[in-house]
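Step one of this worksheet: look at the structure below.
The values are calculated or read from the model by the stated rules, or taken from the named source; none is laboratory data. Predicted, not measured: the structure shown is a model, and the values here were computed from it. Cβ placement follows ideal geometry from the backbone for every residue including glycine, while neighbour counts extend to all protein chains displayed.
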Amino acid sequence: MERTIAIIGFGEAGAAFASAGMGAEHRLVAYDVKTDVPATRPAKRADFERAGVIGADTPAEALADARTILSLVTADQALAAANAGAPELRSGALWLDMNSVGPDTKRAAAAAIEAAGGRYADVAVMAPVDPARLAVPLLVSGPYAGEARSALETLGFTHVRTVGERVGQASAIKMIRSVMVKGLEALSAEMILAADAAGVTGEVIASLDASWPGADWAAKTDYNLGRMMAHGLRRAAEMEEVARTLDALGTGAQMTRGTIERQRAIGALGFTPPETLPAKIDAILGRRKDRAA
């Protein structure tokens, strides 16, 4: 029997999941705020069509018949999406909050969804969705974690694990892990830009490779810069949530605040990442010359 699956927020994750055949036997309906803006509407409509989903004009239209909802908005819009969607939910609808936000934000979203008669699950996406797509590792927590896991597996996700019965447990794991993952990105950017400015890039990379055999720091730094250039603004928003999480725990967030600044600064440049590490460095530093890799 065909069921309606709603996707709220259709960026990289939503497009990757839908294109990979998520819920192939169901009806996928997506809404994205970019369809509200004339300048971005045509491109987003093209994204819907390319992924084989039905585009909705409003959240209410997307949620009208949905029993399962994937919330995949940017971190700074996660709570707003839950608050806006809650009044439109069918009774008993399952809201899978897959956004990169902290435990307090997820608990506030859960309160809104459950007050409206919905069921809420805290879902943490633990790796880049591209190229993993439906094989991306997911952690689930909350009182409806079991139902959420079953729903996700029915949709085609293959690496789903429940980690607790409280909303906030999955997101805490994600947030604390991001201290290291996004922090290493920011550190590698700070390192390589300084090495380039000093004219010692090759020696610095060779020294790092000698200290961590097999790490291939040139490739790792190239990848990290590319992710920051493409997604730095989104990562900075996530790291704001990480800082709030750490502050609530009382453990300090000094390093994380530096990560926020570096991620935001590189993401705000608005560049499509060039192919090579030297070209990425040139773009970040505002140089226009061409260099060989």
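Listing for the model above:
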read-out	value
The one condition in (1) closer than 18 Å to residue 23 by Cα; (2) crowded, with 18+ Cβ neighbours inside 10 Å; (3) of a type in the set (A, V, I, L, M) that residue 132 fails to fulfil	(2)
Counted residues, segment 248-277 - those being more than 20 Å from the chain's Cα centre (by Cα), under 17 Å from residue 220 (Cβ atoms) and touching a residue at least 24 places away in the same chain (Cβ under 8 Å)	2
Residue 129 vs. criteria in contact with a Phe, Trp or Tyr (Cβ under 8 Å, 6 or more places away or on another chain) and in contact (Cβ under 8 Å) with a residue 60 or more places away in the chain	yes
Residue within segment 164-178 that is surrounded by fewer than 16 Cβ atoms within 10 Å (Cβ to Cβ), within 30 Å of residue 281 (Cα to Cα) and at pLDDT below 95 present	no
Qualifying residue in segment 82-93 (condition: closer than 28 Å to residue 25 by Cβ, touching a Ser or Thr at 6+ places or on another chain (Cβ under 6 Å) and not assigned by TED's automatic domain parsing to the domain that holds residue 237)	no
Filter result for the condition that a residue is touching a residue at least 12 places away in the same chain (Cβ under 8 Å), over 18 Å from the mean Cα position of the chain (by Cα), part of a helix (DSSP H, G or I) and over 25 Å from residue 176 (Cα atoms), over 189, 206, 194, 218	218
All positions within segment 65-85 that are touching an Asp or Glu at 6+ places or on another chain (Cβ under 7 Å) and more than 14 Å from residue 112 (Cα to Cα)	75
Those residues of segment 80-107 which are surrounded by fewer than 19 Cβ atoms within 10 Å (Cβ to Cβ) and under 19 Å from the mean Cα position of the chain (by Cα), in sequence order	80, 104, 107
Count - residues of segment 103-133 that are of a type in the set (Gly, Ala, Ser), at pLDDT below 95 and in contact with a helix residue (DSSP H, G or I) (Cβ under 8 Å, 6 or more places away or on another chain)	0
Selection count where residues are aliphatic (A, V, I, L, M) and out of contact with any strand residue (DSSP E or B) (no Cβ under 7 Å at 6 or more places or on another chain), scope segment 113-154	7
Residue 251, sole failed condition from (1) at pLDDT 95 or above; (2) surrounded by 16 or more Cβ atoms within 10 Å (Cβ to Cβ)	(2)
